[in-house]
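Novice: Before anything else, here's the structure in question.
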Amino acid sequence: MPKQPESKLQLNIRHRLEAAFPGSWWFKVHGGPFQKSGVPDHVGCVMGLFFAFEVKRPGERASVIQEFTMASIRRAGGVSCVVLTPEEAIAVVKRTLRLVQPT
C-alpha cells in the first residue's frame, strides 16, 4: 500500500530534523489503542530541550485533544506546535535554541 501524503511529509520532517540537528533524538509516534490520545506526531530532544510537533497538511487543523496535549506540553516547559513543513519545524527548533543560548 503506498504511503499517504501526510505520512510522506512526516517522514521528511523527521529526516530533515535529524540532519539539521546532529546528536538530536527524534521519534515518530504511531497512535494506537494502548497509547495516550492526542500525542503529537513527532517528539524529540535537542540539547536537552523537549520538542513535540503535530504534522498537518495545509488547511488541516489539530483536534481538540491534540491542542489540549500540546498546551499541556508547553505548560510542562516543552515546545509543542503544529507544523506544515520541514522548514517550519527546523525554524521552531532554531528559534528556541537562540532563546536559551547566550550570545
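The values are calculated or read from the model by the stated rules, or taken from the named source; none is laboratory data. Given the structure is predicted, the values throughout are model-derived calculations rather than measurements. Don't worry about glycine lacking a Cβ; one is built from the backbone with ideal geometry, like all the others, and counts go over all protein chains shown. Areas reflect the complete protein model, heavy atoms only, side chains present, ligands, DNA and RNA absent. Shrake-Rupley method; radii C 1.70, N 1.55, O 1.52, S 1.80 Å.
Novice: Residues in segment 50-103 that are among the aromatic types (Phe, Trp, Tyr) and touching a residue at least 40 places away in the same chain (Cβ under 8 Å): how many?
Specialist: Number of matching residues: 2.
Novice: Follow-up question, since we're still on this one. Please identify the pairs in which a residue from segment 2-22 that is within 14 Å of residue 41 (Cα to Cα) and aliphatic (A, V, I, L, M) has its Cβ atom under 8 Å from the Cβ atom of a residue that is open to solvent by 70 Å² or more (accessible area, probe 1.4 Å) and at pLDDT below 85, counting only partners at least 6 apart or on another chain.
Specialist: If the second residue must be open to solvent by 70 Å² or more (accessible area, probe 1.4 Å) and at pLDDT below 85, the pairs left are 11/3.
Novice: Now a separate question. Look at residue 57 and say whether it is open to solvent by 20 Å² or more (accessible area, probe 1.4 Å) and over 20 Å from residue 14 (Cα atoms).
Specialist: no
Novice: Further question on the same structure: If you go through segment 1-13 one residue at a time, do you hit one that is among the basic types (Lys, Arg), open to solvent by 20 Å² or more (accessible area, probe 1.4 Å), assigned to a helix (DSSP H, G or I) and modelled with pLDDT of 95 or more?
Specialist: First, the residues of segment 1-13 that are among the basic types (Lys, Arg): 3, 8.
Subset that is open to solvent by 20 Å² or more (accessible area, probe 1.4 Å): 3, 8.
Restricting the remaining residues to those that are assigned to a helix (DSSP H, G or I) gives 8.
This time we only want the ones that are modelled with pLDDT of 95 or more, so: none.
The answer is no; no qualifying residue exists.
Novice: Also: Among the listed residues 89, 62, which satisfies the condition of being open to solvent by less than 30 Å² (accessible area, probe 1.4 Å), hydrophobic (A, V, I, L, M, F, W, C) and part of a loop (DSSP other than H, G, I, E, B)?
Specialist: After applying the criteria, what remains is 62.
Novice: Let me ask something else. Here's a check for you: in segment 29-43, which residue that is of a type in the set (A, V, I, L, M) and either open to solvent by 70 Å² or more (accessible area, probe 1.4 Å) or in a loop (DSSP other than H, G, I, E, B) (or both) is farthest from residue 68 (Cα to Cα)?
Specialist: So, considering only residues that are of a type in the set (A, V, I, L, M) and either open to solvent by 70 Å² or more (accessible area, probe 1.4 Å) or in a loop (DSSP other than H, G, I, E, B) (or both), the one farthest from residue 68 (Cα to Cα) is 29.
Novice: Could you tell me whether residue 32 is modelled with pLDDT under 95 and more than 21 Å from residue 5 (Cβ to Cβ)? Break it down stepwise before answering.
Specialist: Values: modelled with pLDDT under 95: yes; more than 21 Å from residue 5 (Cβ to Cβ): yes.
Yes; evaluated as a whole, the condition is true for this residue.
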